[in-house]
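Notes for the one structure printed next.
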Amino acid sequence: MVTDIFPMSQSDINRYDIVKRLLRNAINGTEAAQQLGLSVRQTKRLKVAVKNSGAAALVHGNRGMIGHHRVPEHERKRATALVREHYSDFTPTLAAEKLREIHGIDHDPKTITAIMVEAKVWKPTPAHRKEQHRAWRERKASFGEMEQFDGSYHHWFEDRNGTGESCLLAAIDDATGRITHAKFDDSEGLVPVAAFWEEYLLHYGKPISLYVDKFSTYHMNNGLAVENSETKTQFQRAMETDLQITIITAHSPQAKGRIERLFRTLQDRLVKELRLRNISDVETANQFLVKEFIPDFNKRFAVVPRSKTDAHRPLSKNEQMNLSAILCRHDERTVRNDWTISHRTNWYQITKGQPVTVQRKDTVIVEERRDGTVHIRLRGKYLAYKRLPARPARVNPRKLAWVLPATATKTPYKPAANHPWRLRTTAAVRAKFIQV
């Protein structure tokens, strides 16, 4: 049923003005047809309709009528009640998914949007203001060609566990948009990031490159790095030097937009999924990510890459055996005269019987593993040591009662004064002065 008051668009008003001029004989039928963009015959029909019914003749007959495919009123009320009770802060798309999965109400997200707007549960987002122009970058061709990686601090558990913010580490493949790995942890420091990538590498192998930001874990930001481009963080050393994985650092968040958009999506979807399942601890959340959320997310949003090639490179046997040694903190220390080294306020005594010759002033690598153990390495061999309870007293190396069998140093030979080599040198010097 058409109401007495009906809206008219600007085009309807313009058409009405043309027809009124035609009725006043201000223009003829041919001119009116040209201005209306209609045939002369249709213009004549429109003239008669306006003469009989007025401006209403220009409005489509279905305007104001209830659509034949409109959701029944009882179902609209049920959907509105469920949204108000369970999904009041959900986006219409996510609310539509939950209504279909849990309550059996299967409607297009646009329909749910209209229901939520009508119920004043959802307010349409205004158009974004014009931002700085940025060039579009084509996706990589192959899976594993580039992984975008970052961490996001957020109230993922909505303070149900009383811990406040938690950190979600995630990697997304640039070619496919797949979440390749995600994990909740304490922070975005070296230890959590190293544990994340050990799990990734053992599952997929080595990607060609990693796209990260300039957070201190991934990029050296102090003045030393400006003066020396070879200075690397522990993460860069492990990835680039030991595993030959290229590290690319972004100059802005927009540059690695794929991972930034992923976190915006997860801060909406993942938070609500954890709430619906009443998950409030990191361990349960990580199990949910691996078993349910990531497979479902990739099924919904992943795309097909241009190339079917998997660009991941397998870990060598040596890399597999030493992965925990690669993905840990490495510090250089110098062997002192008493065959001790210091590391993080602790002192270590290198013991007898080493697999490699150790000399004073040798530079060793101290590996601080994630399990808390400390390993001392020299020229690819691990040294035996014992931890000292306190800093050792200074000792003159000449007065040492013993020396390490594998580390004994030989005193340089000093020729006697009457040695032929000394006599020749002395004679040459005298001859030179005599000539002068």
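The values are calculated or read from the model by the stated rules, or taken from the named source; none is laboratory data. All figures in this text were calculated on a predicted structure; none of them were measured in a lab. As a convention, Cβ positions derive from the backbone with ideal geometry for all residues, glycine included, and neighbour counts pool all protein chains shown.
Considering only the stretch 91-108, I want to know if a residue exists there that is over 29 Å from the mean Cα position of the chain (by Cα), over 29 Å from residue 217 (Cβ atoms) and polar (S, T, N, Q).
No, the stretch 91-108 has no match at all.
Only one residue in 363, 407, 334 is at pLDDT below 90, of a type in the set (S, T, N, Q) and touching a Ser or Thr at 6+ places or on another chain (Cβ under 7 Å). Which one?
Just a single option satisfies the conditions, and that option is 407.
Identify the residue in the stretch 270-281 that is assigned to a helix (DSSP H, G or I) and surrounded by 19 or more Cβ atoms within 10 Å (Cβ to Cβ) and, among all such residues, is nearest to the chain's Cα centre (by Cα).
Kept after step one, since they are assigned to a helix (DSSP H, G or I), are these residues of the stretch 270-281: 270-276.
In the following step, the residues that additionally are surrounded by 19 or more Cβ atoms within 10 Å (Cβ to Cβ) were identified as 270, 272-274.
On the way: 270: 15, 272: 20, 273: 20, 274: 20 Å.
Among those residues, the one meeting the criterion is 270.
Please go through the stretch 13-61 and give me each residue that is in a loop (DSSP other than H, G, I, E, B) and surrounded by 12 or more Cβ atoms within 10 Å (Cβ to Cβ), ordered by number.
27, 38, 59
What's the total number of residues in the stretch 297-309 that are surrounded by 13 or more Cβ atoms within 10 Å (Cβ to Cβ) and under 23 Å from residue 269 (Cα atoms)?
4
When you check residue 320 against the structure, is it of a type outside the set (Gly, Ala, Ser) and farther than 22 Å from residue 234 by Cα, yes or no?
Numbers: of a type outside the set (Gly, Ala, Ser): yes; farther than 22 Å from residue 234 by Cα: no.
No.
Of a type in the set (S, T, N, Q) and closer than 16 Å to residue 261 by Cα: which single residue out of 176, 163 fits that description?
176
If I go through the stretch 100-119 residue by residue, how many of them are part of a helix (DSSP H, G or I) and closer than 19 Å to residue 69 by Cα?
If we filter the stretch 100-119 for residues that are part of a helix (DSSP H, G or I), which is where we start, we get 100-103, 109-118.
Filter once more, keeping what is closer than 19 Å to residue 69 by Cα: 100, 109-118.
Residues in the stretch 100-119 being part of a helix (DSSP H, G or I) and closer than 19 Å to residue 69 by Cα: 11 in total.
For (1) in contact with a Phe, Trp or Tyr (Cβ under 6 Å, 6 or more places away or on another chain); (2) at pLDDT 75 or above; (3) farther than 30 Å from residue 350 by Cα, each residue gets a yes or a no:
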site: 388; (1), (2), (3): yes, yes, no
site: 391; (1), (2), (3): yes, yes, no
site: 401; (1), (2), (3): no, no, no
site: 412; (1), (2), (3): no, yes, no
site: 434; (1), (2), (3): no, no, yes
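Scan the stretch 69-85 and give yes if some residue there is outside the structural domain of residue 266 (by TED's automatic domain parsing), out of contact with any Phe, Trp or Tyr (no Cβ under 7 Å at 6 or more places or on another chain), loosely packed, with under 10 Cβ neighbours inside 10 Å and of a type in the set (Gly, Ala, Ser), otherwise no.
no
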